[in-house]
Amino acid sequence: MENIRQNPEVEEVCATFYSCPYSFGNSWTSIVPTEEADTTKVNEQSFQVRRVTPEYFKVFSVLDKEGKAVMPQLNGVQDAVVLSADLEKQFYNNQSAKGKRVSFRGQANGNQVAAVCQPIRPSDYEISAPCFYQVLTGKTLEEYVNYFGAQQAELCVRMKHSKTKEDINHFLEEMGDRLNASNLYVYGVKKIEDQRSQLLGYRERNMKIKFSLMAFLLINVFFGIVGTFWLWTENRRGEIGLRMAIGSSKYSLYKYMNLEGICLFSFTLPFIILFMLNMAYFDIMDTIRLPLSLWRFCITIGSAWLLLAGMITLGIWIPARKATNLAPAEALHYE
């Protein structure tokens, strides 16, 4: 780490164990607040832990709830812990967690909370979840290096300027033997952007498949609904023409037919709402990317209703427009 840090092109470097952003690292452990009165809320719960050296918070510009840098707040705190805002709320409700202590399973004294960072999202397609950082320094860092093995460490480097792949290769050549330490050496370098693309690639491909399926189903629904109301309106050409013959205006006819179609559709709305409430009750809806709330429920119902209402209006308007252009004698003949 020190060899890399001395390079003038490097701004900062840190070490992590299975905790680099957009990596497949995923460590969980249970912690409890030592000063929490209501322990029923926190017993036997595991949270994602990111084991990092203090420089991590500078490399990735981690800020606390007030928007201040986290790294300076770690000075003078031995074996510090940094909670996310979600975990602070779960442990202490509206109280501040800074300065309090949390303990790992089987630990006596616990670790001091040095700061509370902003909510952390595991990926771009997930909502934030309670988690925390375990800051590795001194003896604690040595213990984890011995436990996991130095070869499992991820060295995260922040360069002062953006680098292309060719620039990175030139940087590695320039570093030379300084990337070796005893029997350890740098295995490879990967840009965070590439890690992000690799991690999110599966979700994005899955979403494309879902959107394609949704588009296919939507096209079928479109032709089904438009065709149904088109046929329903077409069979009433005589009635429409007769209404025109006795003095109804085109606008009033369009309004009457559309209102009738929307009313027929609205009769199904209570059953749809009941079905969606049942799905929400059994937690079938996707709540990983967006929490299920009243406004989400209303927006989903409202947008779907407007979309289908638009299809019904289109299915009624086209044949009704043709029917209103009938001559009165032809309309009476239909009737």
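The values are calculated or read from the model by the stated rules, or taken from the named source; none is laboratory data. Just so it is clear, the model here is predicted, and its values are computed rather than measured. FYI the Cβ positions are ideal-geometry reconstructions off the backbone, even for glycines, and counts take in every protein chain you see. Protein only, heavy atoms only, side chains kept; ligands, DNA and RNA dropped before computing areas. Shrake-Rupley method; radii C 1.70, N 1.55, O 1.52, S 1.80 Å.
Of the residues that make up segment 284-297, is at least one under 26 Å from residue 227 (Cβ atoms), among the hydrophobic types (A, V, I, L, M, F, W, C), open to solvent by 80 Å² or more (accessible area, probe 1.4 Å) and at pLDDT 85 or above? Taking every residue of segment 284-297 in turn, none turns out to be under 26 Å from residue 227 (Cβ atoms), among the hydrophobic types (A, V, I, L, M, F, W, C), open to solvent by 80 Å² or more (accessible area, probe 1.4 Å) and at pLDDT 85 or above.
Per the listing 188, 201, the residue uniquely exposed (fewer than 13 other Cβ atoms within 10 Å of the Cβ), outside any helix (DSSP H, G or I) and of a type outside the set (Asp, Glu) is 188. Summed over segment 216-229, residues that are of a type in the set (A, V, I, L, M) and either open to solvent by 50 Å² or more (accessible area, probe 1.4 Å) or at pLDDT 95 or above (or both) total 4. If you scan segment 93-127, which residues turn out to be open to solvent by 40 Å² or more (accessible area, probe 1.4 Å) and of a type in the set (Gly, Ala, Ser)? Residues satisfying the conditions are 96, 99, 106, 108.
If you scan segment 40-94, which residues turn out to be part of a loop (DSSP other than H, G, I, E, B), of a type outside the set (Asp, Glu) and farther than 21 Å from residue 140 by Cα?
Residues satisfying the conditions are 42, 43, 45, 60, 61, 62, 65, 67, 68, 93, 94.
With respect to the conditions (1) touching a Gly at 6+ places or on another chain (Cβ under 8 Å); (2) aromatic (Phe, Trp, Tyr); (3) surrounded by fewer than 17 Cβ atoms within 10 Å (Cβ to Cβ), residue 275 lacks only one, and its number is (1). All of (1) at pLDDT 90 or above; (2) open to solvent by less than 60 Å² (accessible area, probe 1.4 Å); (3) farther than 19 Å from residue 195 by Cα hold for residue 33 with one exception: (1). Among the residues making up segment 96-153, those that are among the small types (Gly, Ala, Ser) and either touching a residue at least 60 places away in the same chain (Cβ under 8 Å) or under 22 Å from residue 75 (Cα atoms) (or both) are 96, 97, 99, 103, 110, 114, 115, 123, 129, 138, 153.
Of the residues that make up segment 219-227, is at least one closer than 30 Å to residue 291 by Cβ and in a helix (DSSP H, G or I)? Checked segment 219-227: at least one residue is closer than 30 Å to residue 291 by Cβ and in a helix (DSSP H, G or I). Residue 151 fulfils the conditions (1) outside any helix (DSSP H, G or I); (2) open to solvent by 70 Å² or more (accessible area, probe 1.4 Å); (3) in contact with a strand residue (DSSP E or B) (Cβ under 9 Å, 6 or more places away or on another chain) except for a single criterion, (1).
Within the set 244, 279, 257, the sole residue that is over 29 Å from residue 218 (Cα atoms), of a type outside the set (Val, Ile, Thr) and part of a helix (DSSP H, G or I) turns out to be 244. Every listed requirement among (1) free of Cβ contacts under 8 Å to residues at least 12 places away in the same chain; (2) open to solvent by 70 Å² or more (accessible area, probe 1.4 Å); (3) outside any helix (DSSP H, G or I) is met by residue 306 save one, (3). Contact annotation: residue pairs with Cβ atoms under 9 Å, 6 or more positions apart or on different chains, pairing a residue in segment 211-226 that is without any contact (Cβ under 8 Å) to a residue 24 or more places away in the chain with a partner that is open to solvent by 80 Å² or more (accessible area, probe 1.4 Å), are 218/307.
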